[in-house]
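Following: one structure in structure tokens, then a few remarks.
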Amino acid sequence: MIQDWHFYEPVNGHGLAHDPLNAIVAPRPIGWIGSRSVAGVNNLAPYSFFNLFNYRPPLIGFASQGWKDSVDNIAATRAFTWNLATMPLAQTMNASSAVTAPEVDEFALAGLSAVEGQMVEAPRVAESPVAFECRLTQLIRLETKEGRALDQWLVIGEAVGIHIAADLIENGVYQTARARPILRGGGPADYFEITEGARFQMRRPD
């Protein structure tokens, strides 16, 4: 039995050197989101609040702290891509997180190649081994328990086209660790890489 606890009410602060919340709910998939403005400028940005929410249709979502370029673009065009962030792409993914003016193309800034979507008018990262082409289904402004609107926006999209590098599929099964995906941890700079050595199997009870 645990004898000692650090308890806090978030409204009063955590009392630690760094907020533990994103270190506890971790590691998290990275929402590496490609979009395009109505003016035709490509945008690429990583979001650490991201996940898959449904199988059929496949729904993915990310949350943005503030109405950023990605949200503005998606609200206008209703299209975006998600691109798998991997260990070989870690530095370029990080470079694409730079705070820039709306007219800056983060694909070019990070030295990445933009490929036009087949199903949506949004760019994907050519170097990424997996990409989803998505259409916006919901754009939700988040609220507190009292109903106060936050400057936090949840973007949910349906994946209408999915690209997977063929060498990541073996005997009809996608090999998660083979892509060497990276995930966001806690603190200001922690990430984790998924490796084959970290895998274990456990089936649900009948």
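Summary of values
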{"item": "Cβ-based charge dipole, the chain, positive-most Cα from 17, 160, 32", "result": "160"}
{"item": "Cβ-based exposure ranking for 151, 190, 206, in which fewest neighbours within 10 Å come first", "result": "206, 151, 190"}
{"item": "Relative contact order of the chain, defined on C-alpha pairs under 8 angstrom at six or more residues apart (%)", "result": "23 percent"}
{"item": "Gyration tensor verdict on segment 133-206 (Cα atoms; rounded if a/c is under 1.5, prolate if a/b is larger than b/c, oblate otherwise)", "result": "prolate"}
{"item": "Within the chain, helix-based [θ] at 222 nm, where runs of 4 or more DSSP H residues each add -39,500 (n - 2.57), nearest 500", "result": "-2500 deg cm²/dmol"}
{"item": "Prolate/oblate/rounded label for segment 28-195 (Cα gyration tensor, a/c 1.5)", "result": "rounded"}
{"item": "Distance between modelled label sites at residue 121 and residue 25, nm, 7 Å Cα→Cβ extension", "result": "3.5 nm"}
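Every number in this text was worked out from the coordinates using simple rules, so none of it is lab data. Owing to the predicted nature of the structure, the values given are computational and were not obtained by experimental measurement. A quick note on method: Cβ atoms are made from the backbone with ideal geometry, for glycine too, and the neighbour counts reach across all protein chains shown.
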